[in-house]
Amino acid sequence: MSCIKFFVPILKKRIFCGMFLLCLALAAMTTACTETIDTSARYVFTERTIASYLEDHSQYSEYVRLLKEQRVSTVSETTVYQLMTAYGYYTCFAPTNDAIQLFLDSLVIKGVIPEASWDAFPDERTKDSIRTVLVLNSILDGTKQMTKYLTAEFPKTNEEFGVNTMADRKISVTYDKKDLDSCSIDGICPVSKINRDIEAINGYIHQVSYVINPSNETLGSTLHKFASDFTSNLTIMAKLVEACGLTDTLSQVQDERYETLYKNNTFPPFHWNLLNVDVEAPEHRKYGFTLFAETDEFWERTLGKDRRDITKEDIIDWVDAQGYYPDAVKDEHYTNVNNLLNQFVTYHLLPERIPVDKLALHYNEKGYNYRIKNASPTIPVWAHYTTMGKRRLLRIWESLESGGPYLNRFPKLNNGRREDYHEKECTEENQGIRIETDESSGIVKLVNSIIYPIHEPLAYTEHVRNQLAKERLRYDAFEMQPEAMNNDMRVMSYFTRYYFSSDPDKQYFDNLTVNSKETNFMLLNGRDQGWPNYQADEVLAEGLYDITITVPPVPKEGVYEIRMGVSTFSGTRGICQVYWGSRKDALVPQGIPVNMQLGGQDALLGWERDTDDDDYNAEVDKKMRNNGFMKGPEYIVANAGGTETNRLSATSTRRIIVREWMSPDVTYYLRFKTVQNYTNKQLFVDYLEWCPKEVYDNPITPEDIW
């Protein structure tokens, strides 16, 4: 919800005073060693705050007491209650006294306390930690994003809120199929039908009848439990993961070294002179995982045995019989990436936590308007992820015709110059595997991961590889960086920027290295800014920049062409030399330096806006390719819901930067290094494309414009 919409009734009288007082409050916070929120600088309205509303209603008296005891953070003297009296965009899920009592009862059952009382905790530390969980997970702080939620604005079933709780946790919503007006937070905390959407000047209040308490379990710890729990329906996959020695890896939550560095203020803001703003470093560097797991029911049906009797040897024999990984080694060294079981298991694992709402990343694909609540997909949306273990590609796909997200779906598309790019047909062998996301899907949401149960076998088959090798693979620049997904930097719901240290001892990404300390490296999210960027974001580097990217694997051996999506929307683009190869320390320069200032407006490119004559349009495309350029894709629009595509934009073009023979078993790198001595010239990367020769050089079926 926008700031203007929120304050319309009072805007004229109070906005100047309110913003002035807010600035005073923020200044006071930054001058003290211990963070303290100056609640004397809060808005002085006659309307109620969240705190005053709760105080006035006796069913929340226990919750109010806890709010007054709980500090905002370990470095703050301000209580959460005080925060709820101040300016902000908060969504408060307020538990009643009865809800809190039920929570205490559950702690008795778990053996945490002997009786359901706050006086029964064995020590203050345990009591404080329980109170912290209860209070900080009850409030979504959307002040930075200017977002607060009415129930009508809650996400779809199993999707997570775009704003984290004050405990920095994700929570989701589920709905009753028989009564869509009935919803619960995290599946077990019902939201009152009566006491909901209560408006306060600093947010909304929704009464809940149980305490929100997200799981602290990791994927590693959960699978360890599932391995002996035959009711989990995931026991067999759990045993296979443990056999491959992945438990410790899948138990990681965050990079503790980064946490320490951040808390010690070793990531000072970067002052971006271009816009005269300070750009902050990310607060956390979280790890994440996604597991697509065949259910025990699938294995019982497939092997004809009870789940209690199925062994890993049964699975190995079955996988071997299917011929999925003919080059893998069939031995007992399950931790080896060349082992048959390891290759089967790790293809089910991605090194990033992908929530339901980001299985398909919708933003500015042609025909789609995210501003329409519950808008249906239009043209297909996809992502190609590099799996754990042996590096392979896993596709996630969603379209209007698919009716939901799928793994490794390969339909034929209406991809002609005058067609709509919707699915034309999809044969049975290309259907892929449906990812169920409804209430009965059995999705398991954990602190560092999500498990999606599947009901068909998932494997990197020869058919999958062949299909991928026949298609152009387009990657958003940050799609190749798992840290971006794990730390909420993909298709964000608000306009923001992040700065990443160029210090070699403080690098943020595993697949991206900043080689020069004179590089100012940033991620910009252009949500609602009218930028013609794929999925709104971009990689941007300034200064004497020099970065190297570890790129995804190709599916099959062959000649591939790599293109770089560039927008000359800004006059500050620079000139860089591109390097390529498999030896990171000895990459080979590719052609002449890339001038990112050149766009369709320059006669050199041969760009012309499309006409009604498609034969002429094809000749223009050919002329541009001869100059090493291509028009932007018809797929992308600058403004979500708009019709002006990148293909029609003179400032959105593709540069052909590499054309080489590539192998799926080799890791390749791209390096971008400035050839200028100007510190204000930019490296801009929106997206990269891998296109096989049989697509870009096909004499019968030319590459499509999408």
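The values are calculated or read from the model by the stated rules, or taken from the named source; none is laboratory data. What you see is a predicted model; the values in this text were computed from it and never measured. Heads up, the Cβs are rebuilt from the backbone with ideal geometry, glycines too, and the neighbour counts pull from every protein chain shown. Areas reflect the complete protein model, heavy atoms only, side chains present, ligands, DNA and RNA absent. Shrake-Rupley method; radii C 1.70, N 1.55, O 1.52, S 1.80 Å.
Tabulated values for the structure
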item: Prolate/oblate/rounded call for the range 661-706, Cα gyration tensor, a/c under 1.5 rounded; result: oblate
item: Calculated log₁₀ intensity ratio I(q)/I(0) where the Debye formula runs over C-alpha points of the chain, q = 0.07, 0.11 Å⁻¹; result: -0.53, -1.31
item: Viscosity 1.002 mPa s, 20 °C: Kirkwood-radius Stokes-Einstein D of the range 485-581 over Cα pairs, µm²/s; result: 139
item: Total charge dipole magnitude, the range 372-506, about the Cα centre, Cβ charges on Lys, Arg, Asp, Glu only, Debye to nearest 20; result: 440
item: Ranking by accessible area, most exposed first, for 66, 544 with a 1.4 Å probe; result: 544, 66
item: Net charge dipole size for the chain [Lys, Arg +1 and Asp, Glu -1 on Cβ; Debye, nearest 20]; result: 1580
item: log10 of Debye I(q)/I(0), alpha-carbon scatterers only, for the range 394-478 at 0.13, 0.22, 0.25 Å⁻¹; result: -0.52, -1.22, -1.36
item: Segment residue 188-residue 507, extension gain: residue separation times 0.36 nm, minus the distance between their alpha carbons; result: 110.9 nm
item: Rg/Rh (Cα only; Kirkwood hydrodynamic radius) as it applies to the range 291-410; result: 1.07
item: For the range 196-257 and the range 115-192, distance of Cα centres in Å; result: 14
item: Relative contact order (percent, whole number), the chain, Cα cutoff 8 Å, 6+ residue spacing; result: 10
item: Listed residue (487, 214, 276) projecting farthest to the positive dipole end of the chain, Cβ model; result: 276
item: Antiparallel bridge percentage (DSSP; both residues within the chain; nearest 5); result: 85
item: Area accessible to solvent at residue 317, 1.4 Å probe radius, in Å²; result: 80
item: Carbon plus sulfur fraction of accessible area for the chain, probe 1.4 Å, in percent; result: 50
item: DSSP H segments from the chain that extend 20 Å or more along their own axis, Cα-based, with Kyte-Doolittle mean of -1.0 or above; result: 11-30
item: Simple Cβ-charge dipole of the range 228-386, Lys/Arg +1 and Asp/Glu -1, about Cα centre, in debye nearest 20; result: 740
item: Surface accessible to a 1.4 Å probe, per residue, for the residues of the chain, Å²; result: 43
item: Additional length obtainable on full extension of the chain from residue 164 to residue 228, 0.36 nm per residue less Cα span; result: 19.8 nm
item: Accessible surface, 1.4 Å probe, highest first, among residues 208, 337; result: 337, 208
item: Shape category assigned to the range 384-535 from the gyration tensor of Cα positions, a/c cut at 1.5; result: prolate
item: When each of 330/412; 412/631; 110/170 is checked by Cα-Cα distance, pairs over 26 Å; result: 330/412
item: Highest average packing first - 551-563, 597-609, 77-89, Cβ atoms within 10 Å; result: 77-89, 551-563, 597-609
item: Diffusion coefficient, µm² s⁻¹, Stokes-Einstein with Kirkwood Rh over alpha-carbon pairs of the range 72-164 at 10 °C and 1.306 mPa s; result: 104
item: Dipole-positive endmost among 653, 590, 630 within the range 576-653 (Cβ charges, Cα centre); result: 590
item: Shape call, the range 512-556: gyration tensor on alpha carbons, a/c limit 1.5; result: oblate
item: Of 225/312; 470/623; 263/390; 127/193; 144/263; 178/286, pairs whose Cα-Cα distance is over 26 Å; result: 263/390; 127/193; 178/286
item: Accessible area (Å², 1.4 Å probe, nearest 10) - residue 299; result: 0
item: Residue-level accessible surface for residue 48, protein heavy atoms, 1.4 Å, Å²; result: 110
